[in-house]
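A.B. asks: Before anything else, here's the structure in question.
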Amino acid sequence: MTNSIDRRALMGGALGMGAGGLALASGIAPANAAAAAPALNALPTTDAERSAMIRRMRFRTDAGYIWWWMRGETYAQQGAKLTPLFGLLFGSAMKVTPNADGSVDVLQTEVGFRFDLNTGKRLRTFRNPITNEDISIPYTPVGPTKAHYDPNNTLDLPAQVGGAMMQLHHATDRLYRVGEMVAFRTHTAAHVQTEGQADRDVNDLSILFSPAAEALNPKVTNATCWVQGSDVANYARWLKMPQGSGNQTIRTVGQKVTSLSDMPQDWLAMVEEEEPRLAREPEYAFTRAQSPYRN
C-alpha cells in the first residue's frame, strides 16, 4: 500500500538475555506480570490477535503516552565500504488514543541529535570525512504529526508532513519466536519530496521484539519492547554530499518507555538546550507548533 508518512513513524539489543532479565532492564512493569507464559513457539493464530500483538508491542492498546528512543551510528556507504560519520540519538513522544471502531490515533513528535563517536558529546558541527568540509548540524524536530491506524493497523496519514510530501510503502513481515521472545520485522520505503530540494529515498528496516509472555497476553496493554533498526537512504540533505558519493547507512538499537523521565539522560539534556518545555512537560510534545520537515 502507499500512504504519506513521517518515515520514522517508529521506530534494544539485549536479545541474548532471558525474558526476566529483559523486563528488569527495561524499567517497564507489564500490566499482568503474573500471567502464565504462552507455550514455546506460540504465535497469534488470527488476524485480530496478530494486530493486537503488534499494537501492544509498538504502541499500547489503551489510551496514554509512550516514548521511544533509538541510539546508533551513521555511516557513509561507498560500495561495500562503510565510513563512520557520527552517532545519533533520537527520541519520539507518542500520544495513543484508541477509538471505538478498533482504530487508533497516534500523535507523534520526534527529536534527534548527532554526537561524537569518541566523546559522546553532542555535535553542532563536524568535519565531513568524504568532502573534508565543515558541516553545521541543524536542529530539525519533526511533528507533531497525527497518524491514524485502522483496526488492521493500516496507516492513514496527512498528505504532507511539515510541508514535505512522502509516498510510503510499508510492510510488516511474518512473526518470529526466538526462545521466550516474539519478534516481527518491518520495512518502510519512503520517497520524500520537498520544494526546492532534491528528492530522497529512505528504507527503514526494523525488528521489534518483546517477551512472549507480555506480547501474547491480551490482559497486557503495554508490552515491554525493544527495536533493532537499519536505514539505507540517500544522504541527509544537510550533509551536502556531491553526486556519486554513495548512500547513507544507519544502524540503531532502541526501547519503548512509559514516562519522559525514563528517556536517556543525555537525550533529555540535549532537548533541554533547545526546547526546555519539551524536556520537562510531557504534554508539550503534542501541543507545540508543528516543525517544518527540513531533512
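Every number here is computed from the coordinates shown, using simple stated rules; none is lab data. Owing to the predicted nature of the structure, the values given are computational and were not obtained by experimental measurement. Here the Cβ positions follow ideal geometry from the backbone for every residue, glycine too, while neighbour counts run over all protein chains shown.
A.B. asks: From zero outward in steps of 5 Å, how is the percent of C-alpha pairs of the range 140-245 spread across the bins?
C.D. replies: So the P(r) values, bin by bin, are 2, 9, 15, 19, 19, 13, 10, 7, 4, 1, 0.
A.B. asks: To continue, here is another question. Longer than 26 Å from Cα to Cα, which of Lys95/Lys219; Lys146/Lys240; Lys81/Lys240; Lys121/Lys146 are they? Say none if no pair is.
C.D. replies: Details: Lys95/Lys219 21 Å; Lys146/Lys240 30 Å; Lys81/Lys240 19 Å; Lys121/Lys146 32 Å.
From the list (Lys95/Lys219; Lys146/Lys240; Lys81/Lys240; Lys121/Lys146), the Cα-Cα distance tops 26 Å for Lys146/Lys240; Lys121/Lys146.
A.B. asks: Need one number: convex hull volume per residue for the range 171-295, Cα atoms only, in Å³. All intermediate terms of the calculation are to be shown ahead of the outcome.
C.D. replies: Details: hull volume 20.6 nm³, N = 125.
Roughly 165 Å³ of hull volume per residue.
A.B. asks: Follow-up question, since we're still on this one. With the contact rule set at Cα under 8 Å and sequence spacing of 6 or more, what percent relative contact order holds for the range 179-256? Could you put the intermediate results ahead of the total?
C.D. replies: On the way: 138 pairs, mean separation 20.6, N = 78.
This gives 26 percent for the range 179-256.
A.B. asks: Between the range 165-215 and the range 119-147, how many Å separate their Cα centres?
C.D. replies: 23 Å
A.B. asks: Right, another one. Taking every alpha carbon pair in the range 42-110, what does the distance histogram look like in 10 angstrom bins from 0, in percent?
C.D. replies: Per 10 Å bin, starting at zero, the Cα-Cα P(r) for the range 42-110 comes out as 17, 32, 24, 20, 8, 0 percent.
A.B. asks: Report the Stokes-Einstein translational diffusion coefficient (µm² s⁻¹, integer) for the range 162-217, Rh taken as the Kirkwood radius over Cα pairs, at 4 °C with viscosity 1.567 mPa s. List each step's numbers first, then the result.
C.D. replies: Values: Rh = 13.3 Å.
Reported coefficient: 97 µm²/s.
A.B. asks: Another one. Trypsin sites (Lys or Arg not before Pro), restricted to the range 216-272: which are DSSP loop and have at most 16 other Cβ atoms within 10 Å?
C.D. replies: Values: sites: Lys219, Arg237, Lys240, Arg251, Lys256; in loops: Lys219, Lys240.
Taking the range 216-272 and a limit of 16 other Cβ atoms within 10 Å, the loop trypsin sites (Lys or Arg not before Pro) found are Lys219, Lys240.
A.B. asks: Find the eigenvalues of the gyration tensor of the Cα atoms of the range 208-263, then list the square roots of 5 times those eigenvalues as equivalent ellipsoid semi-axes, largest first, in whole angstrom.
C.D. replies: Values: eigenvalues 259, 37, 10 Å².
Over the Cα atoms of the range 208-263, the semi-axes work out to 36, 14, 7 Å.
A.B. asks: Output the Kirkwood hydrodynamic radius of the range 62-213, Cα pairs only, in Å rounded to one decimal. Before the final figure, lay out each step's value.
C.D. replies: Details: mean 1/r = 0.0549 Å⁻¹.
With all distinct Cα pairs of the range 62-213 included, I get 18.2 Å.
A.B. asks: Most exposed first by the Cβ proxy, i.e. fewest other Cβ within 10 Å, how do Met263, Met165, Met57 rank?
C.D. replies: Values: Met263 20, Met165 15, Met57 24.
Sorted ascending by nearby Cβ count, the order is Met165, Met263, Met57.
A.B. asks: Tell me the trypsin sites (Lys or Arg not before Pro) within the range 95-147 that lie in a loop according to DSSP and have at most 13 other beta-carbon atoms within 10 Å.
C.D. replies: Within the range 95-147, the qualifying trypsin sites (Lys or Arg not before Pro) (loop, at most 13 other Cβ atoms within 10 Å) are Lys121, Arg124.
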